[in-house]
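Each remark here refers to the structure printed beneath this line.
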Amino acid sequence: MPPTMATYQQLKQDPASRVLFNNRITTMGHLKSTLEDNVAFVALDTEHVSIESQRNRILHQVGLAYIPTMAPHTPFPNQPRLDDFYHRNQLQSLTININLSDQIREALTRFRGGVPNRRPSRFGHEREADLDDLESVIVGFIQSCNPSTKLVLVGFEMPAEWNYLSRDFPRIIPYFSSWVDLRDIAKDIAPFGEIPGRVSVLQTFGYHWKDIKGPNRCGSADNAGDDAVSMLAMANALLYSENQEKLRFRQKCSYIAHKYAKKHGPFVFNEYNIAFGATIQSKGLLPNTINSSMKLARYFFDFMPVSTGLKSAEVAFIAFEDQGHLNKFVQANDGRLLPTGETLSVAPIERRVVADSTAERETKRRLREARKVERSESEFTGLGNLFLECNNNT
């Protein structure tokens, strides 16, 4: 059995982790006030692999990245690159590959076909270490950065990192004065729906997904050191007001795009549930610019839709809060020529469909009530005959 993973509640109470764990940065305001203390940051990422089940996971790689200071000094580029960010901000990074025992390797081969082939690190150094030596290697990296200021621990979706930290390398805890899960900061900036994954957030800020993931010529699985570098790039990007607006816009569109699906299911289209809606078509398949609920929400955002989705690969739908917004949308987009050459055909979903649906439900309700009355009368009549028979017998 794998070692028991600690819960956040246990980490809050454990004397070894309690002080740091309770110094958690969760808002942009708190993060900015921390920056005023001229702190440095260390990002931590772990890669682990399951054997026969998701509960039995083995630590496979640890990634660390250090940045001596963080502040938006210059305008954020439209097409940023991790390599430029790494060198411009004088980062240091380390990827630690955990040596696996022959027994674990055999189990991975039996259940998974082998050990995951991870991409080589693009930044800093990469080395191997036994699990027993892992803590000393990480402490050595932190000390080599020679930080003269307070350190803040950085991660993204950190339950796994906190578990391995508290279990396998707890001696690094006293080096940090506070910690931040960047998902908390993103949620504070844009409290609409669920914050997407690390790659999607960085893409929102202009990074290309190939740059984030890196080449897979020598491996397809993520590299923890590269991911740690990307976390610091995300933390830095979140400080720029233009990126904050991009994230808010992305999250608003995501909320619109998934609102209908959450209520009715992603593959269910029921026009009876759309009071102020319209269908969108062109000849054949939907144009690439609007062939998903997210793209629809982005493309037609200025018309203030409340939900978007696909009825099929040829038909999209969009819904509004009232008839006025629906009318403006239909007038502006029916017959609209897209820059890609397609012409849109937009038709309102008739309100009478909703009315018919309401009338139909009311008819069914009355029919059910009538049948209840009939059953009650029938049962009463039957009981009356029973009493009559009893009286005759007496």
With viscosity set to 1.306 mPa s and temperature to 10 °C, compute the Stokes-Einstein D of the stretch 114-192, Rh being the Kirkwood radius across alpha carbon pairs; µm²/s, no decimals.
-> 106 µm²/s
All other residues with a Cβ under 13 Å from the Cβ of residue 177 taken together, and with Lys, Arg as +1 and Asp, Glu as -1, what is their net charge?
-> +1
Points 7 angstrom from Cα along the Cβ direction at residue 220 and residue 106: gap in nanometres?
-> 2.7 nm
Net lengthening on full extension, residue 252/residue 10 (0.36 nm per residue, minus Cα-Cα) = 83.6 nm
Please report the orientation-averaged projected area of the stretch 1-142, defined via the convex hull of its C-alpha atoms, in nm².
-> 11.5 nm²
Could you check the simple spin-label distance between residue 125 and residue 157, using points 7 Å along Cα→Cβ, in nm with one decimal?
-> 3.1 nm
Give me the distance in nm between label points sitting 7 Å out from Cα along the Cα-to-Cβ direction at residue 366 and residue 321, one decimal.
-> 3.6 nm
Calculate the all-directions average of the projected area of the stretch 8-249's alpha-carbon convex hull, and give it in nm².
-> 13.2 nm²
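Quick one: of 32/259; 32/252; 32/187; 283/311, which pairs are farther than 27 Å apart, Cα to Cα?
Over 27 Å Cα-Cα: 32/259.
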Would you please put 245-252, 32-39 in order of how densely packed they are, using the mean number of other Cβ atoms within 10 angstrom per residue and starting with the highest?
-> 245-252, 32-39
Regarding the stretch 264-348, what is the average projected area of its C-alpha convex hull, in nm²?
-> 5.0 nm²
Which far-off residues, 5 or more places away or on another chain, put their amide H under 5 Å from the one on residue 126, with H placed in the peptide plane?
-> 95
Rg(Cα) of the stretch 62-182 divided by 2.2 N^0.38 Å?
-> 1.23
Span from the the stretch 16-30 Cα centroid across to the the stretch 203-254 one, whole angstrom | 23 Å
At the level of C-alpha centres, the distance separating the stretch 286-338 and the stretch 80-131, in angstrom, is 44 Å
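Roughly speaking, to the nearest percent, how much of the stretch 264-348's 1.4 Å accessible area is carbon and sulfur?
Answer for the stretch 264-348: carbon and sulfur cover 55 percent of the accessible area.
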Net length gained if the chain between residue 340 and residue 210 were fully extended (0.36 nm per residue, minus Cα distance) | 44.2 nm
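The values are calculated or read from the model by the stated rules, or taken from the named source; none is laboratory data. None of these values were measured; they are calculated from a predicted model. FYI the Cβ positions are ideal-geometry reconstructions off the backbone, even for glycines, and counts take in every protein chain you see. Each accessible area value is taken on the protein alone, full model and side chains, heavy atoms only, with ligands, DNA and RNA left out. Shrake-Rupley method; radii C 1.70, N 1.55, O 1.52, S 1.80 Å.
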